[in-house]
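Only one structure is covered here, and it is reproduced in the block below.
The values are calculated or read from the model by the stated rules, or taken from the named source; none is laboratory data. Bear in mind that the values here come from a model prediction, so they are computed numbers and not experimental data. Here Cβ is always computed from backbone atoms with ideal geometry, including for glycine, and neighbour counts include all displayed protein chains.
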Amino acid sequence: MLKGRLGLETARIPHADRHGLLWLSRGRLQVEDGTLHFVTTGWPGGLAPGDYGIPFQMVSCVLLGPGGSVTHDALRLLARNGTGLVCVGEDGTRHYASMPFGPDNSKIARAQVRAWSDPEQRIAIARRMYAWRLGEILPASDIAVLRGIEGARMKELYAGLARRIGINWRGRRYDRSNPAAADLPNQALNHAATAVQAAAAVAVATVGAIPQIGFIHEESGSSFCLDMADLCRGTVTVPAAFQAAREVEAGRGGEIERVTRRTTAKMLRDQKVIPDLIDRIKALFLVYTDPDGGADGGGSHS
C-alpha cells in the first residue's frame with residue numbers, strides 16, 4: 001500500500017462523525033504501510049488473536065489497556081489525525097497517561113472556563129451536578145450549604161447500601177497517613193474511589209476539558225475529574241466497595257484491593273460509565289448546541 005493512498009495521510013474526519021472509543025489490550029499498536037494496526041494475542045471477552053487494521057480516523061480516542069504497547073510511528077499517526085491515546089488500567093480503573101489531543105475545537109474548555117469564572121454560572125453548574133446525583137434541584141445557592149446537604153445525603157446512602165448489601169458499616173473513616181488501618185469497607189471505598197476517578201479522568205481527557213478547574217472540588221489538580229467521579233458515587237463507587245468488602249469478609253476473592261478493582265471494573269463496563277460521563281460533560285456545558293445553529297462536538301461515544 002503506497003503512502004497516502006486513498007487519502008489516509010490527509011483526510012481528517014471531524015470528531016462529530018467518529019464512532020467514539022476503541023478499547024485495546026494485550027497487543028502492539030503499530031504502523032504498517034501508513035496504516036495503524038493492532039497485533040494482539042487476544043484476551044477473554046475481547047479480541048481474538050490476530051492482526052487488526054484500526055480505523056483511527058473514525059474514532060475519537062484509543063484506550064490502551066494492560067499488556068498494550070505503542071510505537072513511535074503509531075503516536076505520530078494518531079497525533080497527526082487528532083486521535084487521542086489514553087493509557088488505562090483494566091476497564092479504565094487507572095488513568096496512567098494521555099497524549100495531548102482533543103476535539104476539533106476548544107469549545108468545551110472555553111465554556112468550562114467561562115462558567116467557572118462567572119460566580120452565578122459556577123454555582124449553577126454545581127447545583128446541576130448535585131441535582132444529577134441527588135435526583136432533585138437543591139434550593140441553596142451557597143456552595144458550603146450544598147456540600148452540607150450532600151454530606152447528610154451521603155451518610156444516608158452509605159447506611160442504606162450497607163444494610164442492603166449486608167455489611168457492618170460504622171461510618172466513613174480514612175487516615176491518609178495510614179490507609180491500611182481502616183476497616184475493610186473503608187479500605188474498599190478508597191480503592192473504588194481511585195478506580196472511578198480514573199474513569200472520570202479518561203472522560204475529561206477525551207473531551208478536552210480542563211481537569212484542574214472544578215466546580216465543587218477546588219484544591220486538587222484533578223478537581224473537575226473528582227466532580228465527575230462523584231456523579232457515580234451512589235451507582236458505582238459505594239456499591240462496588242461494599243460488595244467487595246462483603247466478598248472479602250466472607251473469605252471469597254482474596255485481597256481487598258484486587259477484589260474491589262475487579263468489582264468496580266465490572267460496574268464501569270456494564271454501566272458504560274466513561275461514555276456516559278463524556279455525554280454528561282457535554283450536557284453540563286451545553287455544547288450540543290452551537291451558537292451558529294449547528295451541532296457541536298463528539299457524536300456518539302457508546
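So here's what we get for this one:
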read-out: Candidates Ala74, Ala48, filtered to the one that is at pLDDT 85 or above, more than 19 Å from Lys266 (Cα to Cα), over 19 Å from the mean Cα position of the chain (by Cα) and in a loop (DSSP other than H, G, I, E, B); value: Ala48
read-out: Yes/no for Gly68 being under 20 Å from the mean Cα position of the chain (by Cα), at pLDDT 90 or above and not assigned by TED's automatic domain parsing to the domain that holds Arg128; value: yes
read-out: Matching entry among Gln112, Gln57 (being out of contact with any strand residue (DSSP E or B) (no Cβ under 6 Å at 6 or more places or on another chain), assigned to a helix (DSSP H, G or I), surrounded by 14 or more Cβ atoms within 10 Å (Cβ to Cβ) and modelled with pLDDT under 90); value: Gln57
read-out: Odd one out for Asn168, checked against (1) more than 21 Å from Ala283 (Cα to Cα); (2) out of contact with any Phe, Trp or Tyr (no Cβ under 6 Å at 6 or more places or on another chain); (3) in a helix (DSSP H, G or I); value: (3)
read-out: Selection count, segment 166-190, where residues are in contact with a helix residue (DSSP H, G or I) (Cβ under 8 Å, 6 or more places away or on another chain) and of a type in the set (Ser, Thr, Tyr); value: 1
read-out: Selection status of Leu29, closer than 30 Å to Val259 by Cβ and either of a type outside the set (Lys, Arg) or modelled with pLDDT under 85 (or both); value: no
read-out: Selection status of Leu146, assigned by TED's automatic domain parsing to the domain that holds Ala245 and closer than 23 Å to Ala115 by Cβ; value: yes
read-out: Odd one out for Gln187 among (1) modelled with pLDDT under 90; (2) surrounded by 18 or more Cβ atoms within 10 Å (Cβ to Cβ); (3) farther than 24 Å from Lys272 by Cα; value: (1)
read-out: Residues satisfying the stated conditions in segment 191-226, i.e. of a type in the set (Asp, Glu) and in contact with a helix residue (DSSP H, G or I) (Cβ under 6 Å, 6 or more places away or on another chain); value: none
read-out: Flag for Gln121 being more than 30 Å from Arg261 (Cβ to Cβ) and not hydrophobic (A, V, I, L, M, F, W, C); value: yes
read-out: Residue in segment 208-217 that is in the same structural domain as Leu161 (by TED's automatic domain parsing) and part of a helix (DSSP H, G or I) present; value: no
read-out: Qualifying position, being more than 17 Å from the chain's Cα centre (by Cα) and modelled with pLDDT under 90, among Asp118, Asp104; value: Asp104
